[in-house]
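The values are calculated or read from the model by the stated rules, or taken from the named source; none is laboratory data. Remember, it's a predicted structure, so these values are computed and weren't measured experimentally. A quick note on method: Cβ atoms are made from the backbone with ideal geometry, for glycine too, and the neighbour counts reach across all protein chains shown.
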Amino acid sequence: MVFLSIVIPCFNEEESVGIFLEEIQKTLTDCDYEIIYINDGSTDNTLNKIKDLSNENNNVKFISFSRNFGKEAAIFAGLKFAKGDYITLMDADLQHPPSLLPQMLNTLQNEDCDIVAARRVSRKGEPKLKSFFSHGFYKFFNRISKMNLIDGATDYRTMTRQVADSILELNEYNRFSKGLFEWVGFETRWIEYENVERAAGETTWSFWGLLHYSVEGIVAFTTAPLSISILLGTVFSAIAFIYMIIIIVKYLLYSDPVQGFATIMCAVLFLGGIQLLSIGALGTYLGKTYKETKNRPIFIVKETNIESEEYEAG
Ligand code: UDP
Ligand code: MG
């Protein structure tokens, strides 16, 4: 029989963790499994709730971070500590229906694939503006990078140990899971489902949070914005050159004095803007590189009930 590890990042999910476990127990009746809750620096009672669950149930493990390191870090930690032959990533809020799990396992065991991932076919219940920006992001990202992210793909996926190990090898600090999964390759099957609303609690994603996350994704997977500066620079130099010739010719042939305070202002401001934008893009990459070179750990564990050589070793 296969052994499944289910990794659940939790940030202030005190109301959800219990319901989540019940649902999993109902769904997984003929399979050995462990549930790994990762408490990502919650400020509510999540940790105690998880500890209680782990005391009552031997299948429940937990890892508690020393502060909030973000969902991506929690996923990384979960993959690292998971012992299963298969590993599932899931949200705590039941937006990832546990009812898909048996189908995922079945597909993984019987078909020739390494990852089974869930894809939302509707964004019902989600603010219109959020859907609009999400769709836009996928289009933009796929266009400027060589990747092909699937619109609506979620982090809800079940993978083989081999895939998890490959993801762990990508130990960069700036993590963008959707891209990492695409980057490591392997054969992915998609299961489609309708969007489900949160069981309890509130989403922690704000508009600015998502925008920041999108920039992280782009910076992590393509240097296209840097090439765009070069392109813009070339285009504007060419325009300036042509304009210069026109002015010289006009002056020599028609003795037409050069006029135009407005033209100069426009040109200066416009180019100044583009220069700042380009420096900004450059700086963003430099900043990310700076962060990577510091080589800081992706997460710090404060407490866990998982025995692991790696953890003991520090
Ligand atoms: N999460 C986390 N750390 C964070 C933010 C979120 O571990 O800093 C977890 C959260 O508890 C949930 C999952 O990531 O299990 C998805 O978060 P959320 O439901 O807020 O995002 P949404 O479903 O709205 O995209
Ligand atoms: Mg959610």
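Things worth noting here:
- Any pair with Cβ under 7 angstrom, 6 or more apart, that starts in region 180-208 at a residue that is polar (S, T, N, Q) and ends at one that is within 10 Å of ligand 1 (Cβ to nearest atom): Asn195/Glu126; Thr204/Phe11
- Of all residues making up region 16-31, the number that are surrounded by fewer than 18 Cβ atoms within 10 Å (Cβ to Cβ) and either within 16 Å of ligand 2 (Cβ to nearest atom) or among the small types (Gly, Ala, Ser) (or both): 3
- Cβ-Cβ distances below 7 Å connect no pair with a first residue in region 254-280 that is at positive phi, a second residue that is surrounded by 11 or more Cβ atoms within 10 Å (Cβ to Cβ), and a separation of six or more residues or different chains.
- Residue in region 74-91 that is at negative phi, in contact with a Gly (Cβ under 9 Å, 6 or more places away or on another chain) and within 14 Å of ligand 2 (Cβ to nearest atom) present: yes
- Those residues of region 1-12 which are in contact with a strand residue (DSSP E or B) (Cβ under 9 Å, 6 or more places away or on another chain), within 14 Å of ligand 1 (Cβ to nearest atom) and over 14 Å from Asp52 (Cβ atoms), in sequence order: Ile6, Val7, Ile8, Pro9, Phe11
- Index of the failed condition, Leu168 passing every other in (1) surrounded by 15 or more Cβ atoms within 10 Å (Cβ to Cβ); (2) touching a residue at least 24 places away in the same chain (Cβ under 8 Å); (3) in a helix (DSSP H, G or I); (4) more than 16 Å from ligand 2 (Cβ to nearest atom): (1)
- Subset of region 127-164 (residues that are acidic (Asp, Glu) and free of Cβ contacts under 8 Å to residues at least 40 places away in the same chain): Asp151
- Test: residue in region 263-278 that is under 26 Å from the mean Cα position of the chain (by Cα) and modelled with pLDDT of 85 or more: yes
- For Tyr86, the conditions (1) more than 16 Å from Gln162 (Cβ to Cβ); (2) in contact with a Leu (Cβ under 6 Å, 6 or more places away or on another chain); (3) more than 14 Å from ligand 1 (Cβ to nearest atom); (4) of a type in the set (Ser, Thr, Tyr) all hold with the exception of (1).
- Residues within region 34-48 that are within 22 Å of the chain's Cα centre (by Cα) and either part of a helix (DSSP H, G or I) or within 10 Å of ligand 1 (Cβ to nearest atom) (or both), tallied: 6
- Residue, farthest from the chain's Cα centre (by Cα), within region 66-83, restricted to residues that are more than 9 Å from ligand 1 (Cβ to nearest atom) and not aliphatic (A, V, I, L, M): Lys83
- Qualifying residue in region 142-162 (condition: within 15 Å of Arg120 (Cβ to Cβ), among the hydroxyl-bearing types (Ser, Thr, Tyr) and more than 16 Å from ligand 2 (Cβ to nearest atom)): no
- Residue count for region 135-168 satisfying the condition of being aromatic (Phe, Trp, Tyr) and within 15 Å of Ile6 (Cβ to Cβ): 1.
- In region 49-156, counting only helices (runs of 4 or more DSSP H) that sit wholly within it, the ones holding 3 or more residues that are buried (at least 21 other Cβ atoms within 10 Å of the Cβ) and of a type outside the set (Ser, Thr, Tyr) span 71-81, 101-110.
- Within region 134-191, considering residues that are more than 21 Å from Asn295 (Cα to Cα) and among the hydroxyl-bearing types (Ser, Thr, Tyr), the one nearest to the chain's Cα centre (by Cα): Thr154
- Residue within region 11-33 that is over 18 Å from Gln103 (Cβ atoms), in contact (Cβ under 8 Å) with a residue 60 or more places away in the chain, of a type in the set (A, V, I, L, M, F, W, C) and in a loop (DSSP other than H, G, I, E, B) present: yes
- Each residue in region 186-209 was checked for being within 16 Å of ligand 1 (Cβ to nearest atom) and assigned to a loop (DSSP other than H, G, I, E, B), and 13 of them qualify.
Yes/no matrix, rows are residues, columns are (1) over 30 Å from Phe176 (Cβ atoms); (2) more than 16 Å from ligand 2 (Cβ to nearest atom):
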| residue | (1), (2) |
| --- | --- |
| Thr203 | no, no |
| Ser237 | yes, yes |
| Lys250 | yes, yes |
| Gly260 | yes, yes |
| Ile274 | no, yes |
| Leu282 | no, yes |
